[in-house]
Structure formats: C-alpha cells, structure tokens
Amino acid sequence: MAVRELMRALPDVEEVEAHGSPDFRTRGKTFATHAVNHHGDGRIALWLRMPEGAQTFYIENEPEHYFRPAYVGGKGWLGVNLTTGLRWSTLIERVLTAYATVAPDATASDLVVPSVDPPNAAIDPLDFDPVTAPDFQSAVAQLRTHCLSLPEVTEDRRFGDPVWRAGKKTFATAYGRKRRLYFSFWVGVENQPLYQGASDIHIPPYTGHNGWISIDASHQPRWSLIENLMLESYRHFALKRMLKSLASD
C-alpha cells in the first residue's frame, strides 16, 4: 500500500491499529489515520493532524479534496480524499506538515521528501466494504431474506452497515472487518460464554458488553445456527403483538 510506504519512509514512525483503522504515530503521537469507508462514508481517505487554521483553509479552498473528518475534525484534523485527483506530491506535502505538527524538533521544510510511488491499483472490494463485496453478497442476501420474513421487520443502515429492526429495535447486523463478513445477534451477557469456544464466534467491540455476539459468515456459514441466533434475538426485542403474529404463522 502506497500510503503505508509513505508513512514508513518518515523517521521513527510506527503503525498501530485503532478502531479498525491504521494509525501512524511518531514517539507515541498520532499524526495520520488511513480511513477506508469509515462508517460507510464511501471515502478512501487520510485524516491528518494539522496546524491551527489549516483545516478551514483547505476545506474552503478545495472542498472537492478536503473535508472535516469524524471525531477528530473538531480538533482541527483535516480529511484528505485519496480518490478525487489530488496530486500525489501535494498529498506528500500535507503528510509532512502533519508529521511535523507532532514530531519533536521537526519542521515540514526540513524533512526529506520520501521517494514513494503513487498508488497504481484500485482497492479490493473486500478491503473497501466486505458487506457489499461480490464474494459475500449472497450471504447478506440470505440473512436479509430470513430477517424480513419475520413480522414487522424493516431494514436500515447504521454506521454504513445493514441492520434489521423489530419495530424500532435492532436485532441483527451484518458488517465487515479485515476482509471478512460477520453477522451479529443479541444472546445476553449470561449466554455469551456458551459461544466463546467456537472458532467462528467472538464478542464484538462496542456491543459485546450489551450481550451481543458475532459469527463469521465469510465462508461456509453455519446457517442453522445463524437462523436460531437471529430468531432468538428477534424474540428478545419484538413486541408482544409481533410475537403473537410470529406464533400464528
């Protein structure tokens, strides 16, 4: 990946995964994040820590290339689109500025411009959004069919991923991480240990503490288990009239 090569060409840079995206740090301070389709925003981007005023200046003058990123935008970070035709040499300049913002005793003008070729290949759909990748579309479609067959279920999107709701309550989610597809369901905190021994099941971040588990649906998913998990999760969140309708079907 050209972005990774560019970061590694700078002095004392380490890569650390944070919230599913690679952060690039020097001496413990993050100066860049590579965000791919973050929460379904459709972008391949860099989030760069910039000097005061830089974010406003670049967004106002070139909004087609720059944006205010989630979470860190309020702290002055700059989002840089990598697919809108911004020159590679210009991107390198922005990265050097971000690096110099946090690196001790460094200034962008003193840094040697890294000799790194620009990216020359499109991103793999499995890296961009596993949920919509052709390899996994049939599995998502099958889960969709099962969910929508239940009373008063609707499909929505949350953080860019498809979710299915019983009334207003989410009971099933499909999401992708690291080129793999996962389905997530509620089982209750007390029941999570029953599933932790399985190699294709894990407790997901953010929702795991509320009693959710995730099952790997990338290849040869266990559909009998998935259907049971989906149904029990639905029953937990469904209203009495929905359960009554389910029982009468």
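The values are calculated or read from the model by the stated rules, or taken from the named source; none is laboratory data. Quantities reported herein were computed from a predicted structural model and do not represent experimental measurements. Cβ placement follows ideal geometry from the backbone for every residue including glycine, while neighbour counts extend to all protein chains displayed. Protein only, heavy atoms only, side chains kept; ligands, DNA and RNA dropped before computing areas. Shrake-Rupley method; radii C 1.70, N 1.55, O 1.52, S 1.80 Å.
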*Is there any pair linking a residue in segment 128-150 that is more than 25 Å from VAL36 (Cα to Cα) and part of a loop (DSSP other than H, G, I, E, B) to one that is open to solvent by 10 Å² or more (accessible area, probe 1.4 Å) and of a type in the set (A, V, I, L, M), with Cβ under 7 Å and at least six apart or on different chains, and which?*
LEU150/LEU246
_So in segment 142-156, with the set limited to residues that are open to solvent by less than 40 Å² (accessible area, probe 1.4 Å) and hydrophobic (A, V, I, L, M, F, W, C), which one is nearest to ASP249 (Cα to Cα)?_
LEU150
*asked:* With the requirement that a residue be crowded, with 18+ Cβ neighbours inside 10 Å, more than 11 Å from the chain's Cα centre (by Cα) and touching a residue at least 40 places away in the same chain (Cβ under 8 Å), what does segment 171-181 give you?
replied: PHE171, ALA172, ALA174, LEU181
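Residue-by-condition table, conditions (1) of a type in the set (A, V, I, L, M); (2) touching a residue at least 24 places away in the same chain (Cβ under 8 Å); (3) open to solvent by less than 40 Å² (accessible area, probe 1.4 Å); (4) closer than 29 Å to LEU126 by Cβ:
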site: LEU6; (1), (2), (3), (4): yes, yes, yes, yes
site: THR26; (1), (2), (3), (4): no, yes, yes, no
site: ALA32; (1), (2), (3), (4): yes, yes, yes, yes
site: GLY40; (1), (2), (3), (4): no, yes, no, yes
site: GLY85; (1), (2), (3), (4): no, no, no, yes
_Checking PHE159 against (1) farther than 23 Å from ASN210 by Cα; (2) of a type in the set (Phe, Trp, Tyr); (3) open to solvent by 50 Å² or more (accessible area, probe 1.4 Å); (4) touching a Phe, Trp or Tyr at 6+ places or on another chain (Cβ under 9 Å): exactly one of these is not met. Which one?_
(1)
*Unmet requirement for MET230, which otherwise passes all of (1) assigned to a loop (DSSP other than H, G, I, E, B); (2) in contact (Cβ under 8 Å) with a residue 24 or more places away in the chain; (3) of a type in the set (A, V, I, L, M)*: (1)
*If you take the residues of segment 182-217 that are in contact (Cβ under 8 Å) with a residue 40 or more places away in the chain and buried (at least 17 other Cβ atoms within 10 Å of the Cβ), which of them is nearest to the chain's Cα centre (by Cα)?*
PHE183
*Going through segment 46-83 one residue at a time, which ones are closer than 17 Å to LYS29 by Cβ and among the hydroxyl-bearing types (Ser, Thr, Tyr)?*
TYR71
*Can you find a residue in segment 52-70 that is surrounded by fewer than 16 Cβ atoms within 10 Å (Cβ to Cβ), at positive phi and either hydrophobic (A, V, I, L, M, F, W, C) or modelled with pLDDT of 90 or more (or both)?*
yes
